[in-house]
1. From Cα pairs below 8 angstrom and at least 6 apart in sequence, can you work out the relative contact order of the stretch 43-132, rounded to a whole percent?
2. With an 8 Å cut-off on Cα pairs and a minimum separation of 6 or more residues, tell me the relative contact order of the stretch 161-309 in percent.
3. Pull up the cross-link candidates among the lysines for LYS58, meaning alpha carbon to alpha carbon under 22 Å and not fewer than 8 places away within one chain.
4. If each residue of separation counts as 0.36 nm, what is the full-extension length gain between GLU48 and ASP258 once their alpha-carbon separation is subtracted?
5. Kindly state, to the nearest 0.05, the FRET efficiency for ARG175 paired with HIS196, given R0 = 22 Å and r defined as their beta-carbon distance.
6. Rounded if a/c is under 1.5, else prolate if a/b beats b/c, else oblate: with a ≥ b ≥ c from the C-alpha gyration tensor eigenvalues square-rooted, which is the chain?
7. Testing the spin-label approximation: label points 7 Å from Cα along Cα→Cβ at GLU114 and ASN40. State their distance in nm.
8. Taking R0 as 22 Å, what FRET efficiency do you get between GLN189 and ASP296 from their Cβ-Cβ distance, rounded to the nearest 0.05?
Amino acid sequence: MSNADPPRWRSFDDLPFAHGGPVAVGRLRERPEDFRVDENLGFEPDGEGEHLLAQVRKTGVNTEWVARKLASHAGLPVSTVGYAGLKDRYAVATQWFSLHTGLDPDWSRLNTEEVQVLATGRHRRKLRRGALRGNRFRIRVSRLTGNRDALGERVAQIRRRGVPSYFGVQRFGNREGNLYAAHALFTGQAKRVRRHLKGLWLSAARSQLFNEVAALRVERGDWDRPIPGDRMQLSGSRASFLAEMIDETLIERCSAFDIHPTGPLWGAGEILASGEAGALEQQVAEGFPVWAAGLDAAGLRQERRSLRVQVDVIESHIGADVLELPAGAYATAVLRELVDWSRPWPID
């Protein structure tokens, strides 16, 4: 295979399950209202400054479309609009945008079924990607069918161990188009790419490499426990340390969700893991040499992400057909361990 040919990667549907596969079936997103996302920035508008923060509720449209609408309404170039993260198109989502303007336009003239401005406030800084505490998801799985006891046992199992923190399908675009575009970028086939698209493609490739490492750890059965050379992340923090030797204390802290094994977010520099863990990550990188080199050349630095997400808030009621997921978790990464939404018939 030449470098011009994309490497073979695992699609999201092909990623291994940590808990043995779903125990119920149902339908997702029959209506946008079935998937609700509320963004939590973790801070309030400063009350002064050259930027205007606007909290928006969007329905059935994507974040970039809303940014263009806000910019047009305020008479601004879209480059002056900032946001902390992309929110799913097929959902009802609230999120914040920043606009570099001293004015506060009459937003009521913009409000439609698709977009409503809920609140505004002055702020000193433009919103940057990742500048948020997390997201709260509420997902309604309609026509949910399955064994009530089995579903309850699976929920308990997920509470005890969490789920792999796979990046979800939304990161990779329609039919994984962002990954194909990233490969074209790395091989010089994509010319004069707009900055925001380049960022999307780099993020997709980086996320896929993480998913490949996480999948390998799930197959090995050690995605939720430390192995020699793991870079361990402190819960609720980006701080991490190298675990060259594994002892009972480390295992107990990991079981208590005090620390978490991590996987790589690829970039320039040496792999931050070592030993057995580092060798596994290097093995994955060697299967994607063009991507690893491209992410290095793009100026991204080596970072880490927990291999699992703790899930301590799940409400599952077959009668009410509602699943409520915790802040910060990718919804599909949790749901896929519970529900098969790819087929409409019940599981015995």
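1. It rounds to 48 percent for the stretch 43-132.
2. After rounding, I find 28 percent.
3. LYS69, LYS87, LYS126
4. Full-extension gain reported as 71.8 nm.
5. 0.65
6. Cα axes put the chain in the oblate bin.
7. Here the modelled spin labels are 3.1 nm apart.
8. 0.75
Where a number appears in this text, it was derived from the coordinates with a stated rule and is not lab data. Predicted, not measured: the structure shown is a model, and the values here were computed from it. A quick note on method: Cβ atoms are made from the backbone with ideal geometry, for glycine too, and the neighbour counts reach across all protein chains shown.
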